[in-house]
Amino acid sequence: MIAGRKIRFFLFFLFLVPFFVFAQKNKSQLQKERQQNLERIRETEKILEETTKEKKSSIGELSALNRRIEQQETLVGSIKGEMSLLDDDINEDNEIIEALEKDVQQLKEEYSAMLFAAQKASGKTDKLTLLFSAKSFDQFLMRLKYLEQYSTARRVQTEAIERAQALLGEQVKQTEAKRYEKQLLLNDELQQNVQLVGLKQKQRKVVQSLVKEEKRLKRDLEETKRALAELDELMAKLVKEEMERAAREARERERNKLKEVTNAFETATLSTSFEGNKNKFPWPVSGFVSQKFGRQMHPILKGIQIQNDGINIQTKANEPVHVVFNGEVRRVAFIRGIGSTIIISHGDYYTVYSGVKDVFVKMGQKVTTGEEIARVLSSTEGISELRFQIRKNIEALDPQDWLKN
């Protein structure tokens, strides 16, 4: 009977262990994600602080606020996820405690029953009297064996009760610790929700302020369109020159066939290598995507769509800009409205870095992955933003399909 109870008890624990380990793994993941999100929040806070130094509201400030709100909502969500896992753990712990309490109670009842049965069998006779009152030597040996078995059974039962009580006490402590941890998370969630409300209130004020600045926003938008059109012309001119250069090399194949084959091989190899590293490129600058690739609605001006042939990455002032892949600098140009632009060739592909200053490279220079080529330019509104493009010849591609997630 005792052995059966012990088997049921340990099977119960073995059944729960996989769920406990699985929950712990998820909890660790959530805690890691929460820590990473807190680091991103600190980064965005620095960016937001720079945009709010200027008295007038800006699109950059709104972008930073939108990003902060997303991060805050993610943070609150991860806290809720941790609390949900803790609730599951606490419920499981309560089931274990209940089972342990039942085991302790039954072990005590079995122990009492054993003592009662032994006392009833022997009456008021002590052990020595029981032994020496045996009528034969065989009966003496049988009574001696019975007393030994009885003593062993009492010791085993006592140890089983002690182990069960120790497990019960430990389980109660663990459950209390988890309840305390949950209370801390509840307090944290409350604080984060208060902060989220504050961010949304600030977001509404910035939107209301920007709505009143419609004329200025339209003027800024037109200036940006003009600058981007100039960049498109520069790209088209560059690609045309590259094609003409390739044609000249082709015409010279009879005179310098080895050179043509070598150049063609290098271009093809670099293009293939570029394509093979899709989703692996490092980000050119730290920060967050303030404007995605493609056609999208203006965040303030109603009914107005904007086209982005790359992505805008909002960052801190003077942040270093890095090359995302090995290549050769093909152009360094200044474009009014977006600052300096660096165009790097990677075979048939090009990466474009606009909105930079302090350019450290020159035309024709070979560059390698991660090399610093410039620093981000800050606008008069305190917005530090890199315009980053990836193109296959003149075709614009979505950089987020190529950069590391």
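The values are calculated or read from the model by the stated rules, or taken from the named source; none is laboratory data. These figures come from a predicted structure and were not determined experimentally. Backbone-built Cβ (ideal geometry, glycine too); neighbour counts: all protein chains shown. Just so you know, the surface numbers come from the protein's heavy atoms only, side chains and all, with ligands and any DNA or RNA stripped out. Shrake-Rupley method; radii C 1.70, N 1.55, O 1.52, S 1.80 Å.
Observations, loosely collected:
- Answer residue from the stretch 151-171, given it is modelled with pLDDT under 75 and open to solvent by less than 30 Å² (accessible area, probe 1.4 Å) and is farthest from ILE96 (Cα to Cα) among those: GLN157
- For ARG204, the stated conditions do not hold, so it cannot be described as at pLDDT 80 or above, more than 30 Å from GLY81 (Cβ to Cβ), among the basic types (Lys, Arg) and in a helix (DSSP H, G or I).
- Taken over the stretch 44-65, residues that are part of a loop (DSSP other than H, G, I, E, B) and open to solvent by 10 Å² or more (accessible area, probe 1.4 Å) amount to 6.
- Of the residues making up the stretch 313-333, those that are open to solvent by 30 Å² or more (accessible area, probe 1.4 Å) and assigned to a strand (DSSP E or B) number 6.
- Conditions (1) crowded, with 24+ Cβ neighbours inside 10 Å; (2) on the phi > 0 side of the Ramachandran plot: number failed by GLY310: (2)
- Search result, residues across the stretch 16-51 that are modelled with pLDDT of 85 or more and among the hydrophobic types (A, V, I, L, M, F, W, C): LEU38, ILE41, ILE47, LEU48
- Residues located in the stretch 334-379, provided they are part of a strand (DSSP E or B), of a type outside the set (Lys, Arg) and exposed (fewer than 15 other Cβ atoms within 10 Å of the Cβ): PHE334, GLU372
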